[in-house]
1. Within the chain, what percent of beta bridges assigned by DSSP are antiparallel, to the nearest 5?
2. Can you tally the net charge around G122? Count Lys and Arg as +1, Asp and Glu as -1, for every other residue whose Cβ sits under 13 Å from the Cβ of G122.
3. Per residue of the chain, what 222 nm ellipticity follows from adding -39500 (n - 2.57) for every DSSP H run with n ≥ 4, rounded to the nearest 500?
4. Which whole-number percentage describes the relative contact order of the chain, with Cα contacts under 8 Å and a sequence gap of 6 or more?
5. Give the Cα extents of the range 1-127 along the principal axes, in whole Å, largest first.
6. How long are the semi-axes of the equivalent ellipsoid of the chain, defined as square roots of 5 times the Cα gyration tensor eigenvalues? Whole Å, largest first.
7. Assign one of three labels to the range 70-132, namely rounded, prolate or oblate, based on the Cα gyration tensor with a ≥ b ≥ c the square roots of its eigenvalues; rounded applies when a/c is under 1.5, prolate when it is not and a/b is larger than b/c, and oblate otherwise.
8. Excluding ligands, DNA and RNA, what is the solvent-accessible area per residue of the chain at a probe of 1.4 Å, expressed in Å²?
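The values are calculated or read from the model by the stated rules, or taken from the named source; none is laboratory data. This is a predicted model, so every value here is computed, not measured. Because the Cβ atoms are built from the backbone with ideal geometry, glycine has one as well, and the counts that use them run over all protein chains shown. Just the protein is used for accessible areas: all its heavy atoms, side chains included, with ligands, DNA and RNA removed. Shrake-Rupley method; radii C 1.70, N 1.55, O 1.52, S 1.80 Å.
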Amino acid sequence: MGETDQKPLISVIIPIYNVELYLKKCVDSVLEQTYRNLEIILVDDGSPDLCPQICDKYAENDHRVIVIHKSNGGLSDARNAGLKIFKGQYLMFVDSDDWLPVDAIDKLYNLAKKYNAQLVVGGYERVQTDSNVALEINFNSESALTPKEAMRNAMRNGCAAWARLYERRIHQNVFFPKEEINKDEAIVLQILNLCSTIIQTNTCVYYYNTREDSITTSLFSATKLAWQNHCVQNLEWISRYYPDLTKDALYRLMSCIIWELREMALSEEKFDKEVEYAKTTLKRYYVDFMKLKLNKTERLRIMMNRFLPFSLYQIVEKKISLYKTKR
């Protein structure tokens, strides 16, 4: 019996759209993993470039590769297409412009097995496009967390679907919301609540590619208000089931609103409806926000947006941005 027969099947779902320049590096990094028993699901989300042909070529050359061709539905819809067919005992997501260290899956699996963990969260390096230069290293010390502890971390530090290994039952019936950004935040509490043990490791298992045309680095748009909706929903859920984490969920919502208003203030576009939407939520939770432990900048931004016309706040933020640029 070979090594791949002894180890459980791990499914890797890679959603693909208009990433012709990055796709080979991504898929090759998965194919070259030291962990060999893989099911690699390439989901062509109606990509208009050569990605569909590249995917088919991989399937011809390696029996572990499965290709789904579908009409464009966005990142969440592509991930969901993979979730509907994956067969692995464990599951990973890799974005198609990112890539993995050669032993990433081995390291995650070994930790899952060692601790009988339902979820293993790895460290990652944020890198510049087409280079291996680390811009930001986000590592967590290796530790075992309860769902509650992991939820607190998610509220304080954010979350992502990638750089994680999921036990099958944790994710097989949990799907991403369609046609929304910040979809990971929408389901993170549901995922964590299904776990008994979560492991965080300080080992880098993922290279997160920073590029100007990605979803996360693109200019502000109305669709990014989805983050606020998810934060409000998470706050309501936390308040009901884990009330001692309410302050953490409030802090997450506060950070989201301040980020949105600052992005809109610095934009050359007009976001009148979106500004009103964000400020209405801020007004609703203003008293609760002001009871949190905030730094001076956070407190000042909340107060300005609560009591000043947005046009004045916009002038302040643009002057601050200009000052920082000239330094």
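1. So the antiparallel bridges in the chain amount to around 35 percent.
2. Residues close to G122 contribute a combined charge of -3.
3. -15000 deg cm²/dmol
4. Relative contact order for the chain comes out at 16 percent.
5. 43, 35, 25
6. So the equivalent ellipsoid measures 36, 24, 18 Å along its semi-axes.
7. oblate
8. 49
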